[in-house]
1. Scan the stretch A:28-53 for residues that are within 30 Å of B:Ala258 (Cβ to Cβ) and within 14 Å of chain B (Cβ to nearest Cβ) and jot them down.
2. Where residues in the stretch B:65-94 are facing chain A (nearest Cβ under 8 Å) and assigned to a helix (DSSP H, G or I), which of them is nearest to the chain's Cα centre (by Cα)?
3. If I ask for residues that are part of a helix (DSSP H, G or I) and among the aromatic types (Phe, Trp, Tyr), which ones from the stretch A:14-36 would you list?
4. Are there strands (runs of 3 or more DSSP E) fully within the stretch A:110-172 with at least 2 residues that are among the polar types (S, T, N, Q) and in contact (Cβ under 8 Å) with a residue 12 or more places away in the chain? List them.
5. Among the residues of the stretch A:145-161, count how many are at the interface with chain B (Cβ under 7 Å from one of its Cβ atoms), among the small types (Gly, Ala, Ser) and within 17 Å of B:Arg256 (Cβ to Cβ).
6. Return the residues of the stretch B:237-296 that are surrounded by 13 or more Cβ atoms within 10 Å (Cβ to Cβ), among the aliphatic types (A, V, I, L, M) and assigned to a loop (DSSP other than H, G, I, E, B); say none if nothing qualifies.
7. Show the residue pairs that are 6+ apart or on different chains and have beta-carbon atoms under 6 Å apart, the first residue being within the stretch B:35-59 and within 12 Å of another protein chain (Cβ to nearest Cβ) and in contact (Cβ under 8 Å) with a residue 12 or more places away in the chain, the second being of a type in the set (A, V, I, L, M, F, W, C) and in a loop (DSSP other than H, G, I, E, B).
8. Here is a list of conditions, (1) over 24 Å from A:Gln156 (Cβ atoms); (2) in contact with a Gly (Cβ under 8 Å, 6 or more places away or on another chain); (3) modelled with pLDDT of 90 or more, and B:Asn236 meets all of them except one; can you say which number that is?
Amino acid sequence: MTPTSDGSPDLTNLEGLGDFDIRWGWNTGRLDPGTTTVLRVKNEARSMPWVLPPMLAATQQVVLVDNASTDATADAAREVAARHGAQDRLTIVGYPFQVSRCGPEHLATPERSVHSLAYYYNWAFSQVRTAYSLKWDGDMVLTAEGVAVLDSLGWQVQSTEAIIAIPRHPLFVADDRVAYLDLGWRNMEFYGYPMNAAHTFVKAFEWEMRVMRDDDRIIRAPEGLAVELKYLDADEISHWTSPDAFATSPRTGRKRREWEVFSALKEGRENELERVVRIESPDGMHVIDHVTRRWLPGADRPLVKADIPRGRRPLGAAQHVLGPNS
Amino acid sequence: MLSGALQQLGLHVPAPEVPPDDSNPKGFAESQWVVDFHDELLRRTAVHVSDARPQAWFETAKISLKERPRIRLHSWLERQFGEADELLIKDPRLAWFMSMWRAAAIQSAAEPAFVTMLRPPAEVVRSKERHYAGRLGNAGRATAWLNMMLHTERATRGSERVFLRYHDLLDDWTSAIYQLGDAFGLQGVLNADIPDISRVHDFIDPSLHRSGGSWDDLDVPTGVRELAEETWQQLNKLVDDRGGATDATDALDELRTAYITLYADAEAIARSSIMAERLNQTLRADRAIATAAPDAPVQALVPTAAEAVTAQPPAARTQAHRRRPAASPADRLAGLIPHGLRAAVPSGIRRRLRALLDRRPRKR
């Protein structure tokens, strides 16, 4: 992509919606030092009290892209930021289009459509005005240790162009006091990227992906810094076309694992699960706070142990997945 | 000096300590394990304690995120908390691994608090010039100070922190250390009794260590001096505001960016010098091999690349290159790595790597 000096957009959409053309920050002025978290959310109001504060602590700016939520996610985010005195570091923008779900629906959607995951992500990241950006999900919670690590990385990568990979662990929340942490699957994904034309989003098979170069330097964070919330009382696969859609390729192994653990917990078969830890919080403390502030920082390392023999997969298998997010 | 004084007031320095020597007969108040740990990690990342490269922070960040060193540090810290509730950790190398220490403290449910001593940059450069020989030069010493101070300041944001002027400590240590103890709630300072305070008076010698803060006669480029002076002014604001002066931290962000840009420009300009130095290193290595094995049948017949270029007529040059044996994969790789870095790898490991690289594929 080449810089434009006449103010014309860097990327237009097939629908001809000029308000949602894309103009990259690096073409419109100097990018400030620091990192912006980009949170793309749809109906994540209940998670905002846990998701947002650590990101406000670890990065300089947060851009929350609300994709037509019906549960007042944006209001919840505003309220949380105000409680932490960080209103001026939270930007909320709306993206009103129905975005294709991962899997076959995504595959059938043209990349330059406003309904495409790739276009949606590019538009979301075009809001960033700092030198680095961090892709973050509306259900991912950084631990206390994770805040320290990401805050440090924000300046440690300033003199170089590096991609930051962070492992995350699914946390299946049963209620305010009980949750199940899946330590049976090693899941490392790329979250932090320098903001430049070499690292934009393109369409891949099941979902979008952010482009990498062969000579990109990668820095990998250790385990135990982030959890991904999965509420057992919610439909956690609604962003997929169907469960069958992620039963097809090695790239979707993580989703299969999530589905299997989720189903087993919903059906009361938790004793069938290996390396899924039941955690109960002390009186007066929510289990998500307990896991992210105390349990995980204090847990013995390494968290995800060696692979289970192949014949016993997939329920207990520890796998290493390093690839695009869904 | 500060850590020694705090130790006199009862703060626990994990044992064993680095033994005193002639340069510091009163002791360093540094834990040997910490120094060795940091030394090892710096060696593994090819970063030296006075590294002026902004990118060196990325290199130490990478190793700081590896599981094994994190586990080692956390285990050691846990053992030390078995000895005392408040620990005093001092090492000039610590700044390179601050993020790992912060994480280890969180894992141990401890609250890290950081003290940064401030000393005028020109004085630091003079002091290092006097005490440490080396190839860094005064421009390198000044940029090392900038790199260290700008990034240390950034690294300690968000934690409890205090900036102390070295000269304030010399002028009136009671005021400086009481403020520090008050800020961190250090019981040893707040509850110090007469013998404790007397010991610190004996320990601190206010007549020592004044080198003068003038840049006169120091061979440091103007741009570097100006950056260092501006950084010094901004850091001083943090002394009076317990590290929280927002206008100062904003200004220091700008200065850090300016330093990174300055360094990148200098590297870009100096690229020819860097290439020449690499070629010289290869040349010296070739000569060393030739000197070490004068009877080697093939090597002895072959001029080095530089000699071939300067001393041989074109036809002979071609012949010489034909007669030179093809470099092995290990030789080719070794030629790309600076000598200093190669020398840092233990010889046993170098031999094994060479053997691996030179292993020929088996015929099928």
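1. A:Arg30, A:Leu31, A:Asp32, A:Pro33, A:Gly34, A:Thr35 - these are the residues of the stretch A:28-53 that are within 30 Å of B:Ala258 (Cβ to Cβ) and within 14 Å of chain B (Cβ to nearest Cβ).
2. Of everything passing the filter in the stretch B:65-94, B:Arg70 is nearest to the chain's Cα centre (by Cα).
3. Result: A:Phe20, A:Trp26.
4. Ranges flagged: A:130-137.
5. Residues that pass the stated criteria total 2.
6. B:Ala245 - this is the single residue of the stretch B:237-296 that is surrounded by 13 or more Cβ atoms within 10 Å (Cβ to Cβ), among the aliphatic types (A, V, I, L, M) and assigned to a loop (DSSP other than H, G, I, E, B).
7. If the second residue must be of a type in the set (A, V, I, L, M, F, W, C) and in a loop (DSSP other than H, G, I, E, B), the pairs left are B:Ala56/B:Val47; B:Glu59/B:Val47.
8. (2)
The values are calculated or read from the model by the stated rules, or taken from the named source; none is laboratory data. The model shown is predicted, which means the values in this text are computed figures rather than measured ones. As a convention, Cβ positions derive from the backbone with ideal geometry for all residues, glycine included, and neighbour counts pool all protein chains shown.
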